[in-house]
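The values are calculated or read from the model by the stated rules, or taken from the named source; none is laboratory data. Because the structure is a prediction, the values reported are computed rather than measured. Cβ: placed from backbone, ideal geometry, glycine included. Neighbour counts: every protein chain shown.
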Amino acid sequence: MTGTAESPDAADVSGSPRTIRVTRTARVTRQFDAVFVGGGPRTVATLIRMAARLRQASESAGAADAGSTVRADAAMSRRPLRIAIVDALEVGSGATWLTTQPAQYLNNTTASATTLFPDESTPMSGPPSPGPDLVDWMRRVADAGTHPAGDWVVEEARELRALDFTSRRLQGVYYRDQLAGAITAGGFEVEQFVTTAHDLDPVDVEPFSGDPLTAVVLEDGTRLAAPTVVLAQGMVQSLPDTEVAGLTRFADDHGLRYVAPGMPAERDFTGLPAGQTVIVRGLGANFFDVIGGLIAEWGGTFEPVAGDPHGRLRYLPTGREPHLVAGSRRGMPYRTKPIPYAEQRAFTPRWATPDWFEELSHRRGLDFATEVWPTIAQEIADQYLSALAEWAPEAVAGTATSGQAVTGTSGAVGSWVADLASAQTAEDVERILVDHVVDRRWSWTIADLRRPTRGRSVTSDEWQAFVDTMIEDELASMCEPARHPRAAVNRVMSLLRGSAHRLGAVGAVAGTSLVRDLQGWFDADGLFLASGPPSVRVRKVLALIDAGVIDLLGPETVVRADVDAGRFRAESLISRRAVDSRVLVETRMSKGRVPDTDDPLLRSLLDSGRARIHQVDGVMTDFIEATRADVAEAVTTGHNLVAASGEVDESVIVLGIPASTTQPGSAIGATPGLPSPLLAGADIAAKQVLHRAERVQPG
């Protein structure tokens, strides 16, 4: 055995296998029935599906199911299946839901939106596998009153409701508990390796019996050989680009502090200098996590602002706070989620209907910017004007005096509807917005999503007025999502972006447009509008802006190393404001682009030609290529790695984010009652693992 066995951790006590931490150089080869690289929810879900399939085979009382690729004799074999799981940080949770991260790092989805157990909504050929979703599990933990991972698990489970936003660490414990349950149910022998995987190697059959195997090569040279390898790394990070590498060297040379982009749980943001200016770059999801952790460190408190109708808070500092000057390309933080349990705005699309999307899905070579986006923009403009006509009737031309507006299922209906119906381009939609909004306070175009001042330079006073309006609108939007115009825009994007992305997934969108538009600005706009933080976190950030602890520098923020001054310098090209500091904190996520990944295994596969970047119409995407999958039980392939030569390696399965373009929706967690590509992919992987395990029996 390689490495040193440690004492059981929390998950071990609740039934998980012992963890092997590789600590010394070794070059032994060990054989398993399957090796999983990445220990997060996709691996856990696959073991759950394997256990369900084995249970079904066992219940057939020794007779093979004629339509199944998993024979009962496999389920009743002479030994349990041996599984290896490799993760660099923690098996069961993976990096995103690391159970040791700060409690202040929250999910941006509610507890009710998480499960690892598919229901009838998810197409798959395997049997049902009932089990607790996150809410059910929290209830059980609260009732038990104890948990091996610590008292904090029980405390959080008792405090949270179905529509609350859980901590990431709590969800990580849920995943780990479901892994332990799957191991028990399946009778698997599982070893966990907390280290990194660096390569894949073919293995000669001797001294093993059966088909050729593939070995996962660990950091110390140990080889874990199996007939099936499942790559389930989840969120991939990028190698430092030229700018990050340069800033790192500059910080080292000048004794400065630089926190590079990455996962918040893997970075140290503590100990920022009190009272001093700190440059912060990035205003997305990571930013809110980082601020949540800093608030806990500073020890400041919040109190309600008396008389404020939307729950504005006032921050009471302790003196330990730095002055955070924050900027980004947009210059604005991600938009908030509505307050949990608040009524959502009704929305029935007029033009971007399910039938319209279905028709487009059968097309090929679509230009997303000119053939799809204008219709989505029509819906956004319609809902904005409809909500505005109700919220501030005097702001919409003709609404207050003509009596044209009536209330429908999606709000007021006015003369703009006919104008929008005749719009052919996104520019037409923008002109209609300009024509119908007559109050400058509410003047808005869809292009403002990417350029809040429409690229126009503004004075410091104008920028401050812009920020003040943003805070007012954000507070009202989160409290009254059924009525506020800003919330109406968010709602349209949240409900339509999935259908838009599916057009790319089925090959309807031309390669150039897929990369430039759908995976470029549209994906970024969708995250900005519809994948923001919970309102409880946003409310505190807004209070910190009011208090001057956070200062929004402005759009189009650029950061550079000022060699003469020996400091970092940040400047907004729009507000023309600039600051310098000895500390630069990146709250950006260096995610997503597989061609630039720092994952050593993916790097090795790409560099050697055993994997290739997926192309659409000859245009490179940001993801590796895997085969498409068929849910039919008789098909024993799917989601398999494709080499540079085009050869398919059926022994290697790729699940989730690194192969997003061939696995649409697999990057999204599984929600009860909704079709889950993540869980469907897990069933396809489970089917293959068991099929090959029948034929290859370790000695």
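What are the residues in the stretch 125-146 that are polar (S, T, N, Q) and either in contact (Cβ under 8 Å) with a residue 24 or more places away in the chain or in contact with a Ser or Thr (Cβ under 6 Å, 6 or more places away or on another chain) (or both), if any?
Ser125, Ser129
Which one of Thr115, Thr96, Thr100, Thr122 is at pLDDT 90 or above, loosely packed, with under 15 Cβ neighbours inside 10 Å and not in a helix (DSSP H, G or I)?
Thr100
Among the residues that make up the stretch 595-615, is at least one of them of a type in the set (Ser, Thr, Tyr), touching a Ser or Thr at 6+ places or on another chain (Cβ under 9 Å), over 21 Å from Gly681 (Cβ atoms) and surrounded by 16 or more Cβ atoms within 10 Å (Cβ to Cβ)?
No: the stretch 595-615 contains no residue that is of a type in the set (Ser, Thr, Tyr), touching a Ser or Thr at 6+ places or on another chain (Cβ under 9 Å), over 21 Å from Gly681 (Cβ atoms) and surrounded by 16 or more Cβ atoms within 10 Å (Cβ to Cβ).
Would you call Arg567 surrounded by fewer than 19 Cβ atoms within 10 Å (Cβ to Cβ) and basic (Lys, Arg)?
No; evaluated as a whole, the condition is false for this residue.
I'd like to know if the stretch 453-474 contains one or more residues that are assigned to a loop (DSSP other than H, G, I, E, B), within 15 Å of Met332 (Cα to Cα), in contact with a Pro (Cβ under 6 Å, 6 or more places away or on another chain) and not hydroxyl-bearing (Ser, Thr, Tyr).
No, the stretch 453-474 contains no residue that is assigned to a loop (DSSP other than H, G, I, E, B), within 15 Å of Met332 (Cα to Cα), in contact with a Pro (Cβ under 6 Å, 6 or more places away or on another chain) and not hydroxyl-bearing (Ser, Thr, Tyr).
Assuming Thr146 fulfils every condition listed in (1) surrounded by 15 or more Cβ atoms within 10 Å (Cβ to Cβ); (2) polar (S, T, N, Q); (3) over 20 Å from Thr46 (Cβ atoms) apart from one, which condition is it?
Exception for Thr146: condition (1).
So which pairs qualify, if the first residue must be in the stretch 308-325 and within 14 Å of Leu294 (Cα to Cα) and at pLDDT 95 or above, the second must be in a loop (DSSP other than H, G, I, E, B) and of a type in the set (Val, Ile, Thr), the Cβ gap must be under 9 Å, and the two must be at least 6 apart or on different chains?
Close Cβ pairs (under 9 Å, with a partner that is in a loop (DSSP other than H, G, I, E, B) and of a type in the set (Val, Ile, Thr)) amount to Tyr315/Val549; Pro317/Val549; Glu321/Val549; Pro322/Val549; His323/Val549; Leu324/Val549.
If you check Ala185, Ala162, Ala149, Ala180, which single one turns out to be in contact (Cβ under 8 Å) with a residue 60 or more places away in the chain and in a loop (DSSP other than H, G, I, E, B)?
Only one candidate passes the filter, namely Ala149.
Name the one entry in Leu163, Leu179 that is of a type outside the set (S, T, N, Q) and modelled with pLDDT under 95.
Just a single option satisfies the conditions, and that option is Leu163.
Looking only at the stretch 259-273, decide whether some residue is in contact with a strand residue (DSSP E or B) (Cβ under 7 Å, 6 or more places away or on another chain), in a strand (DSSP E or B) and either assigned by TED's automatic domain parsing to the domain that holds Ala682 or among the aliphatic types (A, V, I, L, M) (or both).
The answer is yes, given that some residue of the stretch 259-273 is in contact with a strand residue (DSSP E or B) (Cβ under 7 Å, 6 or more places away or on another chain), in a strand (DSSP E or B) and either assigned by TED's automatic domain parsing to the domain that holds Ala682 or among the aliphatic types (A, V, I, L, M) (or both).
Is it fair to say Glu474 is of a type in the set (D, E, K, R), closer than 30 Å to His310 by Cβ, crowded, with 21+ Cβ neighbours inside 10 Å and in contact with a helix residue (DSSP H, G or I) (Cβ under 8 Å, 6 or more places away or on another chain)?
Against the criterion (of a type in the set (D, E, K, R), closer than 30 Å to His310 by Cβ, crowded, with 21+ Cβ neighbours inside 10 Å and in contact with a helix residue (DSSP H, G or I) (Cβ under 8 Å, 6 or more places away or on another chain)), Glu474 qualifies.
Return yes or no: is Arg610 in a loop (DSSP other than H, G, I, E, B) and not assigned by TED's automatic domain parsing to the domain that holds Phe250?
So Arg610 passes the test.
For Phe193, only one of the following conditions fails: (1) out of contact with any Asp or Glu (no Cβ under 9 Å at 6 or more places or on another chain); (2) in the same structural domain as Ile668 (by TED's automatic domain parsing); (3) part of a strand (DSSP E or B); (4) not hydroxyl-bearing (Ser, Thr, Tyr). What is its number?
(1)
Can you tell me which residue in the stretch 285-298 is surrounded by the fewest Cβ atoms within 10 Å (Cβ to Cβ), limited to those that are closer than 19 Å to Met332 by Cβ and touching a helix residue (DSSP H, G or I) at 6+ places or on another chain (Cβ under 7 Å)?
It comes out as Gly292.
Do we have Ala389 as closer than 19 Å to Ser443 by Cβ, out of contact with any strand residue (DSSP E or B) (no Cβ under 8 Å at 6 or more places or on another chain) and in the same structural domain as Gly414 (by TED's automatic domain parsing) here?
No.
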